[in-house]
1. State all residues of region 38-53 that are over 14 Å from residue 13 (Cα atoms) and in contact (Cβ under 8 Å) with a residue 24 or more places away in the chain; if no residue qualifies, say none.
2. Out of 17, 35, 56, I need the residue that is touching a residue at least 60 places away in the same chain (Cβ under 8 Å) and over 15 Å from residue 117 (Cβ atoms). Which one?
3. Just one of (1) assigned by TED's automatic domain parsing to the domain that holds residue 196; (2) at negative phi; (3) in contact with a strand residue (DSSP E or B) (Cβ under 7 Å, 6 or more places away or on another chain) trips up residue 143, so point out which.
4. Kindly indicate the residue of region 43-57 that is at negative phi and not in a helix (DSSP H, G or I) and also surrounded by the fewest Cβ atoms within 10 Å (Cβ to Cβ) among those meeting that condition.
5. Identify the single condition in (1) crowded, with 18+ Cβ neighbours inside 10 Å; (2) more than 18 Å from the chain's Cα centre (by Cα); (3) at pLDDT 95 or above that residue 71 does not satisfy, given that it satisfies every other one.
6. Do we find a residue being surrounded by 14 or more Cβ atoms within 10 Å (Cβ to Cβ), farther than 26 Å from residue 86 by Cα and not assigned by TED's automatic domain parsing to the domain that holds residue 81 anywhere in region 118-136?
7. Which of the residues belonging to region 205-227 are within 17 Å of residue 185 (Cβ to Cβ), in contact with a helix residue (DSSP H, G or I) (Cβ under 8 Å, 6 or more places away or on another chain) and surrounded by fewer than 18 Cβ atoms within 10 Å (Cβ to Cβ)?
8. It is to be established whether one or more residues within region 101-115 are outside the structural domain of residue 208 (by TED's automatic domain parsing), modelled with pLDDT of 90 or more, part of a loop (DSSP other than H, G, I, E, B) and surrounded by 13 or more Cβ atoms within 10 Å (Cβ to Cβ).
């Protein structure tokens, strides 16, 4: 679309800073502005690769409508933007989709929104799980309160391996829910702190894995895969 800018959706590392593509780095270098869930997460990554003097703008789930309008105005003025999340691929369990839909609604379906693929915690976990089949079901983060029981009951009907994310504060509670719905002997793989210094992969029955995590202490971010 002549006269307008472009938005790149760029995957960033989920832990190890070296897990970024050359194309992603070149795209970040060429951007006029970078949209971040949290600028405090993105700034160290850019410094690590000597990418300086970039306009960093926060865009997260609590961003108001005026922020979306500001971004749209920049794109309408011919600026090139990059959307990143705190870790991994934007638009997956983060507010990136809301922005993309707003841009499409304003400029139409032909506006250039370009994916720059890279790290993704769910795919990384599946690749080492031994449970990757022809299909899998990505469930994101379970509800914190309302709809939680319905969420886990619904996983029983999903085809293939079931993949979900969880925080250290709720991982044991989530494993308890999986144990209730699927049974204590049901196989799971739980990946903790993928690509980071204390990366740990737990394999076994949901009961066995839960016991190990409780004993060692639930620290870090988790990806849970249910057979």
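The values are calculated or read from the model by the stated rules, or taken from the named source; none is laboratory data. Given the structure is predicted, the values throughout are model-derived calculations rather than measurements. Cβ: placed from backbone, ideal geometry, glycine included. Neighbour counts: every protein chain shown.
1. 38, 51
2. None of the others qualify; the one that does is 35.
3. (3)
4. Selected residue: 52.
5. Every condition holds for residue 71 apart from (3).
6. Start the filter on region 118-136 by keeping residues that are surrounded by 14 or more Cβ atoms within 10 Å (Cβ to Cβ), which leaves 118-126, 128-129, 131-132, 136.
Now drop any that are not farther than 26 Å from residue 86 by Cα, which leaves 131.
From the residues that got through so far, the ones that are not assigned by TED's automatic domain parsing to the domain that holds residue 81 too are 131.
Yes, there is a match, as at least one residue in region 118-136 is surrounded by 14 or more Cβ atoms within 10 Å (Cβ to Cβ), farther than 26 Å from residue 86 by Cα and not assigned by TED's automatic domain parsing to the domain that holds residue 81.
7. Selection gives 207 alone.
8. yes
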